[in-house]
Amino acid sequence: MFSVILLKLLAIMGVVVIGYVVGRKGWLGHNDPARVLGYAAFYIFVPALLFRTTSRIEFASMPWGTLAAFFVPVVALMLSVYAWQRSQGGLPVAAPSVRAITATFGNTVQLGIPMAVAMFGEAGLSIHVTIVSLHALTLLTVLTALVEMDLARERARLGDADAHVGRMLMDTARKTIIHPVVLPILAGLAWNALGAPTPEVVDEMLVQLGQAVVPMCLVLIGLSLAQYGLKAAARGAITLSLLKLVLLPAVVLVVGHWGFGLSGLALSVVVMAAALPVGNNALIFAQRYEVQEAESTAAIALSTFAFALTAPAWLWVVSQLR
């Protein structure tokens, strides 16, 4: 069981190391290749993956109670981190949203899917896949709306102290909808509602673009590590990693078991999904708004290494509640 996860961790870190070496050697040039790669992922490859995923969701068969047991505490913690960071003051406008996504967005695909298969079999995988199908849709949409509202408020403050609230809200809505994350999600949901099959050629294009997301993001993490290192952002990265690996699964465990009455397989799957290390989308989100990039990169790397220790601990905890 754990050998599968360990092999997956080693493979992930191996690709990250390749990106790191390439970045240190400057083989992609010296004009910020990490940012170029990040923009390519954000504007081309991730939208393709999101559209195809949301267009294929089967809402009628969703285990809504189990999903609520996962997403209610996750979104609650995400909003709490956002509010806490906003109250600190002195941070860049987009920093609260970036830190909130880093503290809650897990690596549900590269690590989560093989973990679910190895630990819980097909029954557990089916629950995990439903979480994956709504993961980016829920977290990225909420955080995008919040960060765009903050940016609109800042633009209004700098440009016109008496800017109309309605104008600010319209600006927020426009930038939230016409966004490389939210727009493909909305388009995918609309296509899903139509019930029409995706043309075979288009679907194959989306598959090929979507398959590039994982290796591209892992190389991107390596490039970013080469550029920023770990020391400069170590303190923030450790805090965010603890929130993701310790606090989030604890909150999901409490809410899922005592709030929603989950036990057995369903509880184990949602807790382990919450216990996953920081996902690559945190870095892509940080690069989109050009803030906290070093911190997000370090948090992804640190939490991925630490997951080898925290995963067995959480498995033991949930096994005591069966």
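The values are calculated or read from the model by the stated rules, or taken from the named source; none is laboratory data. Values in this document were obtained by computation on a predicted structure and should not be read as measured data. When we count neighbours, we look across all protein chains shown, and the Cβ atoms used for this are built from the backbone with ideal geometry, even at glycine.
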Return the only residue of VAL81, VAL21 being in contact with a Lys or Arg (Cβ under 8 Å, 6 or more places away or on another chain) and either modelled with pLDDT of 90 or more or at positive phi (or both). VAL81
With the checklist (1) at pLDDT below 85; (2) crowded, with 24+ Cβ neighbours inside 10 Å in hand, flag the one item SER126 doesn't pass. (2)
Tally time: how many residues in the stretch 1-42 are of a type in the set (Gly, Ala, Ser) and crowded, with 20+ Cβ neighbours inside 10 Å? 5
Tell me which of these LEU262 doesn't satisfy, since it passes every other one: (1) part of a helix (DSSP H, G or I); (2) farther than 28 Å from HIS179 by Cα. (1)
Considering the stretch 266-292 alone, what residues qualify as being modelled with pLDDT of 90 or more, within 12 Å of SER224 (Cα to Cα) and in a helix (DSSP H, G or I)? ALA286
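What residue, among those in the stretch 215-255 that are small (Gly, Ala, Ser) and at pLDDT 95 or above, is farthest from LEU283 (Cα to Cα)?
Residues of the stretch 215-255 small (Gly, Ala, Ser): 222, 224, 226, 229, 232-234, 236-237, 241, 250.
Adding the requirement that they be at pLDDT 95 or above leaves 241, 250.
Details: SER241: 14, ALA250: 24 Å.
Step by step, filter the stretch 215-255, then rank; the result is ALA250.
Which of the residues belonging to the stretch 54-90 are farther than 22 Å from GLU148 by Cβ and among the β-branched types (Val, Ile, Thr)?
Looking only at the stretch 54-90, we keep the residues that are farther than 22 Å from GLU148 by Cβ, and these are 55-70, 72-73.
Across the stretch 54-90, the qualifying residues are ILE57, THR66, VAL72.
How about the stretch 43-112: which helices (runs of 4 or more DSSP H) wholly inside it have at least 1 residues that are surrounded by 14 or more Cβ atoms within 10 Å (Cβ to Cβ), out of contact with any helix residue (DSSP H, G or I) (no Cβ under 8 Å at 6 or more places or on another chain) and in contact (Cβ under 8 Å) with a residue 60 or more places away in the chain?
By residue number, 64-88.
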Checking GLY89, GLY23, GLY29, GLY19 in turn, the sole residue that is farther than 20 Å from ALA103 by Cα, out of contact with any Gly (no Cβ under 7 Å at 6 or more places or on another chain) and not charged (D, E, K, R) turns out to be GLY29
So ASP150, is it at pLDDT 85 or above, out of contact with any Phe, Trp or Tyr (no Cβ under 9 Å at 6 or more places or on another chain) and in a helix (DSSP H, G or I): yes
